[in-house]
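*Asks:* Sharing a structure, written as structure tokens. Questions coming.
Derivation of every value follows stated rules applied to the coordinates shown; laboratory data play no part. No experiment lies behind these values; they were computed from the predicted model shown. Neighbour counts are summed over all protein chains in view; Cβ atoms, including those assigned to glycine, are modelled from backbone coordinates with ideal geometry.
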């Protein structure tokens, strides 16, 4: 099983990571994001019969590009 987290810039600074399709969420400094996501995943699945083998971080950067009227 593989979990995918979408990582985006947080409005208050730093980054936020959310597991796609769930409410599993982490926030903080980008340097700590991988460790925070794997820690949250371990806690979330701690008592479950199945444990994920991989966590994928998908970094998304929103970019606004102004379009001039012709």
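*Asks:* Whole percent per 5 Å bin, from 0 to the bin with the longest distance: what is P(r) over all C-alpha pairs of the chain?
*Replies:* For the chain, the binned pair fractions read 3, 15, 25, 22, 12, 8, 6, 4, 3, 2, 1, 0 percent.
*Asks:* Order 9-21, 32-44 from most to least packed using the mean count of other Cβ atoms within 10 Å.
*Replies:* Highest to lowest by the protection proxy: 32-44, 9-21.
*Asks:* Right, another one. Where does helix 33-44 land angle-wise versus the long Cα axis of the chain, in degrees 0 to 90, nearest 10?
*Replies:* Between the helix axis and the principal axis of the chain, the angle is about 40 degrees.
*Asks:* Where both residues lie in the chain, what percent of DSSP beta bridges are antiparallel, nearest 5? Could you put the intermediate results ahead of the total?
*Replies:* Numbers: 9 of 15 bridges.
The antiparallel proportion sits near 60 percent.
*Asks:* Can you figure out the FRET efficiency of residue 44 with residue 65, using R₀ = 35 Å and their beta-carbon distance, to the nearest 0.05?
*Replies:* Using R0 = 35 Å, I get an efficiency of 0.40.
*Asks:* Could you work out the relative contact order of region 2-59, using alpha carbon pairs under 8 angstrom and six or more residues apart, expressed as a whole percent?
*Replies:* Normalised by residue count, the contact order of region 2-59 is 41 percent.
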